[in-house]
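Read the structure below first, then the notes.
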Amino acid sequence: MNLNLNKRDCPVKIKLVPYGGGWTDVYADFGDGELYFIISDVLGDSFETFMKVLYHLYPENSDPEDTYDLLECKYGVCRHTENGYEVERIVDDTKEEELPCVIQDIPWKASFVWDEEGSCSKWTIERTPDLSTSFTIKISIDICRDEDKHYEYELKYQDVCYAVADACTKALKKHGFWGYHHSCYTPDMNVRYLLFLKSVGLGNMEARKLTYYDEKGQGETSDFEKEMELLLFDM
């Protein structure tokens, strides 16, 4: 074994059930009772959208080009240092900034909808717009069925990552990658997102380490054995 991985008690519980025929059921307990969600994977956003949002809310993973339809960002105005650039202050827009300047996108808010074909669940997830990697997130959910209901939670980002990664691991071990895809009619579950969420949830980033090569064209490497160990780990 290459990693020192340890299960822990997590106050957030999520169960992912690929129902088949393009449907997914989700059961989530954020601390005060279980909520039930239905996802029509052929309409609107999928469970993988939730994974994508969590992945990109982490500052190091911010990618506006990949999340322009999901995430809102503030802007970090950077100053030059001996080691490159670092964020000096965070602003709402850059219209008043003196050019040229270096700007870093700071993710802070995301929205998505799980369509139930006749009803839906509307999600908004927010965090404080800064560069902290240990933070809380505010989750607001509107479940729009015969009777609309609104829920709000403030949770540790690490706990939500743990619960989502646990749900995905169990679903994959039961259905397999091909079985999961065929059940949901969605693109394959993003392994990069899953490995990251498991790393954060377990507080172990060893499988995220990259080896950089000075020689052009050699690319970077991560440890495949550690990644596979992390992927297979039961949380």
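Worth pointing out:
- Residue in region 203-214 that is of a type in the set (A, V, I, L, M), exposed (fewer than 15 other Cβ atoms within 10 Å of the Cβ) and in contact with a helix residue (DSSP H, G or I) (Cβ under 6 Å, 6 or more places away or on another chain) present: yes
- Contacts under 9 angstrom Cβ, first residue in region 81-105 being more than 19 Å from residue 62 (Cα to Cα) and in contact (Cβ under 8 Å) with a residue 12 or more places away in the chain, partner open to solvent by 100 Å² or more (accessible area, probe 1.4 Å) and part of a loop (DSSP other than H, G, I, E, B), 6 or more apart: none
- Applying the criterion of being touching a residue at least 24 places away in the same chain (Cβ under 8 Å) and open to solvent by 10 Å² or more (accessible area, probe 1.4 Å) to the residues of region 33-43, the residue that is farthest from residue 183 (Cα to Cα) is 35.
- From the options 93, 69, residue that is in a loop (DSSP other than H, G, I, E, B), of a type in the set (Asp, Glu) and open to solvent by 90 Å² or more (accessible area, probe 1.4 Å): 69
- Residue match in region 181-190 (condition: buried (at least 17 other Cβ atoms within 10 Å of the Cβ) and at pLDDT 95 or above): no
- Contact map, region 198-213: residues that are of a type in the set (D, E, K, R) paired with residues that are open to solvent by less than 60 Å² (accessible area, probe 1.4 Å) and not in a loop (DSSP other than H, G, I, E, B), Cβ distance under 6 Å, separation 6+ or inter-chain. Pairs shown: 198/165; 198/230; 206/226; 208/199.
- Residue list for region 127-138, filter: touching a residue at least 24 places away in the same chain (Cβ under 8 Å) and under 21 Å from residue 202 (Cα atoms): 127, 131, 132, 133, 134, 137
- Candidate set from region 107-126 (those that are touching a residue at least 60 places away in the same chain (Cβ under 8 Å) and among the aromatic types (Phe, Trp, Tyr)); member that is surrounded by the most Cβ atoms within 10 Å (Cβ to Cβ): 114
- Of all residues in region 180-194, those that are closer than 13 Å to residue 46 by Cα have Cβ atoms under 8 Å from Cβ atoms of residues that are open to solvent by 50 Å² or more (accessible area, probe 1.4 Å) and not in a loop (DSSP other than H, G, I, E, B), 6 or more apart or on another chain, in 183/19; 183/175; 184/23; 187/181; 188/177; 188/181; 189/177; 189/181.
- Qualifying residue in region 58-65 (condition: outside any strand (DSSP E or B) and either farther than 30 Å from residue 23 by Cα or aliphatic (A, V, I, L, M) (or both)): yes
The values are calculated or read from the model by the stated rules, or taken from the named source; none is laboratory data. It should be emphasised that the depicted structure is a prediction, and the values quoted were computed from it without experimental measurement. Cβ: placed from backbone, ideal geometry, glycine included. Neighbour counts: every protein chain shown. These accessible areas exclude ligands, DNA and RNA; they are computed on the full protein's heavy atoms, side chains included. Shrake-Rupley method; radii C 1.70, N 1.55, O 1.52, S 1.80 Å.
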